[in-house]
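For reference, the structure is listed below as structure tokens.
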Amino acid sequence: MGENNPRARKSADLTASDPLPKADPPSSKAPVPSRTAPEALAASSAPDPDEVEPKPQTRKTVQRGRRKSVPAKKQVDSASISGSLSNSGSASMSGGWVSASLSGQIKANGEVDEEAMARQALARKERIERAEAKERRKHRRRIARRVILGVVLFLAAVFAALLVAFGIFRWQTYDDAADIQGTWVHEGTTMPITITEDEIVLTDEVSYKYVLDPEAKTILFRFGNMEGGGRYRFSLDRQELAITDGEFDQWASFFDDALWTAESLFNQYVLAQETPLVTPDERTSVFHRE
């Protein structure tokens, strides 16, 4: 019905001969402003950011005196590797220490062996006690050495002081040359003898010369062409005199007289008894004042 209508057929022919222009679809982008010639040239020469492959970030490191670019990815990988190695090493070390410390303390079923722990604690306590006992022994030995050294030094000082005192008593207290002069009586007889400054007078016809050495405590006799000698010793009160024939060393006489003096002082002031001047023998003559 419509095909036979002349109006409809005319409208269709007009539409086919002169079609209407199609409208552009609306754009979501904002209008682009017009560019100048230099800007357009720079824009045409710039690469498309979608087509350029992104470059990895890099940092500059110094290795062996020269600068070198290292990719950031490699740095991360090396850091992660070193961290993993460090963590694994520390974990393995700590694990080994724990396993070593717990060795012998864990049963097969995983329970802690309290008896083994008690034995280890007891062994540790015994080691500590042994170390403390050893240190105490060392301390006691050090104290003992110091005490012994102190006693030895004290005795040496006392002995030295006694020797000095005896030296003063022996050489500075009395005058032997004056004390030997006088009239003496030989022990066991009633015959007196007279000792002068330089002679020993036995009788009016018999006398001989003598020389006294107060330092060495010796005496030298001369009778004509004959000579003899010996050492002499006074008693503590200077009332007795002993002369022993022979040759004697000065220091031997010194120590002999020192021992006799110490014994005499002890017996006199402690035991209240006298000490013989010498041991009687055929070489010794003992005199006492008349």
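Okay, here's what the table says:
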quantity: Scope segment 204-251; condition part of a strand (DSSP E or B), aromatic (Phe, Trp, Tyr) and farther than 19 Å from Ser264 by Cβ; matching residues; calculated: Tyr208, Tyr210, Phe221, Phe223
quantity: Residue list for segment 231-262, restricted to those being more than 23 Å from Ala161 (Cα to Cα), within 57 Å of the chain's Cα centre (by Cα) and among the basic types (Lys, Arg); calculated: Arg231
quantity: Where Arg124 falls short, out of the listed (1) open to solvent by 90 Å² or more (accessible area, probe 1.4 Å); (2) in contact (Cβ under 8 Å) with a residue 40 or more places away in the chain; calculated: (2)
quantity: Close pairs from segment 177-198: first under 14 Å from Tyr210 (Cα atoms) and without any contact (Cβ under 8 Å) to a residue 60 or more places away in the chain, partner open to solvent by less than 50 Å² (accessible area, probe 1.4 Å) and in a loop (DSSP other than H, G, I, E, B), Cβ under 6 Å, at least 6 apart; calculated: Ile195/Ile180
quantity: Failed condition for Ala272, given (1) modelled with pLDDT of 90 or more; (2) out of contact with any strand residue (DSSP E or B) (no Cβ under 9 Å at 6 or more places or on another chain); calculated: (1)
quantity: Scope segment 109-121; condition open to solvent by less than 80 Å² (accessible area, probe 1.4 Å) and out of contact with any strand residue (DSSP E or B) (no Cβ under 7 Å at 6 or more places or on another chain); matching residues; calculated: Gly110, Ala116, Ala118, Gln120, Ala121
quantity: Members of segment 252-287 found to be part of a helix (DSSP H, G or I), out of contact with any Ser or Thr (no Cβ under 9 Å at 6 or more places or on another chain) and not aliphatic (A, V, I, L, M), listed by number; calculated: Phe254, Phe255, Asp256, Asp257, Thr261, Tyr269
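The values are calculated or read from the model by the stated rules, or taken from the named source; none is laboratory data. The structure displayed is predicted, hence computed values, not measured ones. Every residue, glycine as well, gets a Cβ built from its backbone with ideal geometry; the counts of neighbours run over all protein chains shown. Accessible surface areas use protein heavy atoms only, side chains included; no ligands, DNA or RNA. Shrake-Rupley method; radii C 1.70, N 1.55, O 1.52, S 1.80 Å.
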